[in-house]
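Nothing in this text is a laboratory measurement; each read-out follows from the coordinates by a stated rule. Since this is a predicted model, take the numbers as computed values, not measurements. Backbone-built Cβ (ideal geometry, glycine too); neighbour counts: all protein chains shown.
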Amino acid sequence: MQRRTRTLAQIELLPTELQQEIMSRAAKFSIDALRNLIIASPTLADVAADPHIYKNINLHTLTIFPLTTLTIYKDLMERCLNAGNVQAHYIRGLQEYFHHNNIAAGLPHIKIAAEGLYDNAIYLYALIMMCSGQQEIGRTMLDSLG
């Protein structure tokens, strides 16, 4: 039986740093774009394990449905949190603050996301600050949104 060898795609011939940058940019666009690159190439699947990529993955869909990550996407969420992904911090903050009713655990995640300039987190954190009597912090944050 003759064994087939796969021809490498042009992207697979690039230096690892460039592959990581391409993967990171795809991740910023959408998680589906990243998934398609990973499926297309075993080489790129290995490159995708870089924390820089997890930091940049666009988790917008999961921010709309944050409770889904309590049952699925657990590994992805942990990797994104460890990498400092602001959307992952926002999701975890929503889960802790509102779903688990654990303000002490949720508020720091929302604050990290707000300080990372994630607009939804800035808005939410500002409202929480204003409702908790810290109007100056809340107004300053709201003003930063323009």
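With the biggest extent put first, the Cα atoms of the chain measure 73, 32, 20 Å across the principal axes.
Which FRET efficiency value, to the nearest 0.05, is calculated for Leu67 and Leu142 with the Förster distance at 22 angstrom and r the Cβ-Cβ distance? Taking R0 as 22 Å, the efficiency between Leu67 and Leu142 is 0.25.
Projecting the Cα atoms of Ala104, Ile128, Ile11 onto the charge dipole of the chain (Cβ charges, centred on the Cα centre) puts Ile11 farthest toward the positive pole. 3J(HN,Hα) couplings calculated from phi for region 47-63 with the Karplus curve 6.51 cos²θ - 1.76 cosθ + 1.60 (θ = phi - 60°) are, in sequence order, 5, 5, 6, 5, x, 4, 6, 5, 5, 9, 4, 7, 9, 3, 4, 6, 5 Hz; Gly and Pro show x. Which of His99, His52, His109 moves most in a GNM of the chain, Cα contacts under 10 Å? Residue with maximal mean-square fluctuation among His99, His52, His109: His99.
Once the Cα atoms are used to define both axes, helix 135-144 deviates from the longest principal axis of the chain by about 40 degrees.
Note on the chain: helix-only mean residue ellipticity at 222 nm, from DSSP H runs of 4+ residues weighted -39500 (n - 2.57) and normalised by residue number, equals -19000 deg cm²/dmol. Model label sites at Ala83 and Asn102, defined 7 Å from Cα along the beta-carbon direction, differ in position by 2.4 nm. Between 0 and 90 degrees, the angle of helix 16-29 with respect to the longest Cα principal axis of the chain falls at about 50 degrees.
Karplus-derived 3J(HN,Hα) values for region 82-95, using 6.51 cos²θ - 1.76 cosθ + 1.60 with θ = phi - 60°, are 5, 7, x, 5, 5, 5, 5, 5, 4, 4, 4, x, 4, 4 Hz; glycine and proline are entered as x. The angle separating the long axis of helix 103-115 from the principal Cα axis of greatest extent in the chain is about 70 degrees. Computed from phi, the 3J(HN,Hα) profile of region 64-74 under the Karplus parametrisation 6.51, -1.76, 1.60 (θ = phi - 60°) reads 6, 10, x, 6, 5, 6, 6, 10, 10, 6, 4 Hz, with x in place of Gly and Pro.
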